[in-house]
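This report concerns only the one structure given below.
FYI, it's all coordinate maths here, none of it is from the lab. On a predicted model such as this, the values are computed, not experimentally measured, just so you know. With ideal geometry, Cβ positions are generated from the backbone for all residues, glycine too; neighbour counts draw on all protein chains shown.
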Amino acid sequence: MSSHFVVRCIDCGHKTPFLPTNLACPKCGSTWREAEYDYAHLAHSLPLQLPGRPFDIWRYRELLPIRSPNPDLSLGEGGTPLIRATNLGMMLGNPNIYIKDERQGPTTSFKDRQAAVAIAALKEAGITEAVIASTGNVAIAYSAYAARAGIKLYAFLTSLVPASKMREVALYGTQVIKVTGSYDQAKMVAAEFAKQRGIYRDPGAMNVPTIEAMKTIGFEIAEQLTALLGPPTDPVTQRTTAPWRTPDWYIQSVSGGPGPYGVMRGFEELNLMGLINKYPKIGMLQAEGCAPMAHAWKQNKDVATPIQSPRTLIATLATGDPGRAYTFLYNRLKNTFGGTIDSVSDQEAFRAMHLIAKMEGISVEPATGVAFAGLIKMVRSGMIKPDEIVVVNCSGHTMPIERNILGERWARNVILPTQSMEETPEEGLLAALSKVAIDRFPRIAIVDDNADVRRLIRRILQSQGNYTIFEADNGRSGIDLIKKELPNLVILDLMMPELDGFGVMEELQSNPDTMDIPIIVVTAKELTNEEKKRLNGHIQSLMQKGDFLSDELLDEIRALL
């Protein structure tokens with residue numbers, strides 16, 4: 001059984017029992033409420049219960065708004081791995097970057113948590129029909145769990161949602177209604193439909209089950225970091241300061257706001273129970289073409305001006321009006337957590353998708369690309385320090401449903417009188433990615449005795465184009481390789497066995513066949529003035545290992561080619 005809990009009105013403080021069908025405070029009418037639990041009791045009882053439980057979302061059942069969790073509804077939600085981004089960390093000069101891999105949920109996105117708790121609450125309340133509006137992932141997750149719970153679902157999707165995602169929603173038996181308009185317009189049409197038919201409508205971003213589900217990401221991160229790195233300690237006394245560890249930064253893309261808001265709630269509850277003693281800073285990233293929160297944050301405003309016509313190919317982030325959700329996020333960042341809200345371009349996001357796939361073997365959705373592009377931007381600016389622990393929410397992975405599975409009559413169209421958004425081609429992402437990649441295919445030799453460094457440089461290059469790459473693990477074999485293959489460019493380490501980088505350069509420049517090949521030196525060595533003089537005039541560029549970003553290396557290569 002769940003611990004005792006109530007919902008508290010954020011506006012007037014009135015507390016009532018939780019029922020999913022009661023969407024407003026009975027005292028003041030506000031729809032903005034949060035769940036509260038018996039934290040004093042849970043501070044003692046929960047740590048004793050956790051060791052014997054599976055690592056999934058229901059591990060924290062006493063902190064979820066379900067009175068009697070039904071295991072028959074579960075699809076294995078939660079408990080996603082925390083993966084160290086070894087190669088990305090090497091590229092950025094930060095060894096403590098971790099990926100919370102939410103792709104590994106039942107429908108491959110972090111919205112599975114939301115759907116699992118929300119549908120469980122509806123089933124517990126006896127609801128048999130429901131209406132949602134979505135930009136894709138929510139509809140897929142809700143459809144899977146509604147099918148398992150026997151709840152009829154109507155999903156109103158903006159026409160910008162890729163057809164492959166719409167087909168997946170329909171596959172579960174959900175009635176798909178495609179609205180030719182923005183996400184905010186789709187929400188209005190869904191609300192009117194639910195009102196006319198007397199059907200429950202999921203209120204979206206700040207619904208109590210939604211926020212409560214998302215906070216489990218924070219719970220899991222704290223447990224996982226503690227298992228990997230140990231509990232936090234005082235740097236002077238080396239004594240443990242809290243049972244669980246938190247990251248220095250938590251980074252996630254944001255559209256309507258429930259994800260990061262819920263994660264912050266999770267860390268707040270861990271603090272209330274005495275399990276942590278420090279909050280992470282929060283980095284929220286939006287797509288530039290629909291970034292009302294980022295615009296308001298930069299102007300230090302606590303109310304966001306809506307974006308009437310989003311201009312982004314990343315449909316899952318195309319919420320033009322975050323409403324009061326932004327105000328709550330703004331206040332928590334300013335008063336409790338610290339952090340930032342920023343934006344990146346679609347092209348930066350697509351490039352980051354390519355980079356993460358090639359460097360870490362993780363294929364992510366465009367919204368996750370936004371988060372990683374923001375991470376790179378924050379490291380470049382110095383906002384994130386080299387020794388800080390960073391966790392990035394890998395929010396989802398697109399897995400399309402083939403067109404011929406469903407036939408032609410799987411959706412209904414609603415065309416609104418005024419068109420406020422441009423149609424986006426289904427191939428828009430592929431077209432954008434093709435513009436990111438370079439259109440030249442040079443031959444490059446990497447000469448370095450460190451296999452990890454060679455792999456890192458190779459992946460940086462492969463993430464941006466179809467380079468032909470040769471490798472050598474010492475200076476002597478490097479000379480032989482370069483004389484044989486005659487590459488367009490040499491990326492050279494200085495500190496190597498048998499023959500160091502200085503010797504390699506001297507031998508190359510004494511040979512008419514190799515003397516004109518450009519050289520970029522990438523080294524961990526702190527050079528003396530005499531060594532710098534030896535390099536002067538003989539190399540194109542000097543870069544320190546652990547202190548360069550992939551685009552800086554690529555800029556040097558493009559300049560040469």
Each residue of the range 349-362 in turn: what ³J(HN,Hα) in whole Hz from Karplus with 6.51, -1.76, 1.60 and θ = phi - 60°, glycine and Pro shown as x? 5, 5, 5, 5, 4, 5, 4, 5, 5, 6, 8, 10, x, 10
Between helix 137-149 and the chain, what is the angle of the helix's C-alpha long axis to the longest principal axis, kept within 0 to 90° and rounded to the nearest 10? 50 degrees
Among 40-47, 62-69, what's the highest-first ranking by average C-beta atoms within 10 angstrom per residue? 62-69, 40-47
How large is log10 I(q)/I(0) at q = 0.17, 0.18, 0.20 Å⁻¹ when the Debye formula is applied to the Cα atoms of the range 147-228, each weighted equally and without solvent? -0.84, -0.90, -1.01
Below 13 angstrom from the Cβ of Ala125, what's the summed charge of the other residues (Lys, Arg +1; Asp, Glu -1)? -1
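So if I place +1 on the C-beta of Lys and Arg and -1 on the C-beta of Asp and Glu, and nothing else carries charge, what would the dipole magnitude of the chain be about its Cα centre? I want it in debye, nearest 20.
Rounded to the nearest 20 debye, it is 1880 debye.
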Which of Ile479, Val504, Leu456 sits farthest toward the positive end of the charge dipole of the range 450-516, with +1 on the Cβ of Lys and Arg and -1 on the Cβ of Asp and Glu? Leu456
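Rounded, prolate or oblate: which one fits the range 238-388, using the alpha carbon gyration tensor with axes a ≥ b ≥ c (rounded when a/c is under 1.5, else prolate when a/b beats b/c, else oblate)?
Working: a/c = 2.05, a/b = 1.27, b/c = 1.61.
Cα axes put the range 238-388 in the oblate bin.
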Of 193-203, 251-261, 89-99, ordering from highest average Cβ density within 10 Å down gives 251-261, 89-99, 193-203
Taking amide H atoms as placed 1.01 Å from N in the peptide plane, list the residues 5 or more away in sequence, or in a different chain, whose amide H sits under 5 Å from that of Val179. Leu157, Thr158, Ser159, Val414
Would you mind getting me the FRET efficiency between His44 and Ser164? Use the beta-carbon distance for r and R0 = 35 Å, nearest 0.05. 0.15
For the range 23-30, take each phi angle, set θ = phi - 60°, evaluate the Karplus expression 6.51 cos²θ - 1.76 cosθ + 1.60, and give the result in whole Hz per residue in order, putting x for glycine and proline. 8, 9, 5, x, 8, 10, x, 5
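Would you mind calculating the relative contact order of the chain from Cα pairs under 8 angstrom and at least 6 residues apart, reporting the percent as a whole number?
13 percent
What's the extension gain from Asp516 to Met495 if we count 0.36 nm per residue and subtract their Cα-Cα distance?
Working: separation 21, 0.36 × 21 = 7.56 nm, distance 2.23 nm.
Result: 5.3 nm gained on full extension.
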Report, to the nearest 10°, how far helix 451-462 tilts away from the longest principal axis of the Cα atoms in the chain, using its own Cα long axis and a range of 0 to 90°. 70 degrees
Helix 366-381 versus the longest principal axis of the chain: what is the Cα-based angle in degrees, 0 to 90, to the nearest 10? 50 degrees
Determine, from the Cβ-Cβ distance of Arg412 and Arg443 and an R0 of 45 Å, the FRET efficiency 1/(1 + (r/R0)^6), rounded to the nearest 0.05. 0.25
Using alpha carbon centroids, what distance separates the range 379-397 and the range 222-259, in Å? 13 Å
Quick one: grab the alpha carbon gyration tensor of the range 67-200, order the square roots of its eigenvalues as a ≥ b ≥ c, and give me rounded if a/c is under 1.5, else prolate or oblate depending on whether a/b is larger than b/c. oblate
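So how much slack lies between Arg534 and Gln347, counting 0.36 nm per residue of separation and subtracting their Cα-Cα distance, in nm?
Numbers: separation 187, 0.36 × 187 = 67.32 nm, distance 4.01 nm.
Extra length from Arg534 to Gln347 when fully extended: 63.3 nm.
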Using θ = phi - 60° and the Karplus relation 6.51 cos²θ - 1.76 cosθ + 1.60, list the HN-Hα couplings for the range 114-125 in order, rounded to whole Hz, with x at every Gly or Pro. 4, 5, 4, 6, 5, 5, 4, 5, 5, 5, 5, 8
Under 5 Å, built H, 5+ apart or other chain: amide partners of Ser395: Thr368
Can you list the residues, at least 5 places off or on another chain, whose amide H is less than 5 Å from the amide H of Ala133, using H built in the peptide plane? Phe156
Provide the gained length on full extension for the span Thr336 to Leu486, in nm with one decimal, where the gain is 0.36 nm per separating residue minus the Cα-Cα distance. 48.2 nm
So the pair-distance distribution of the chain, from every Cα-Cα distance in 20 Å bins, comes to percents of 20, 48, 25, 7, 0
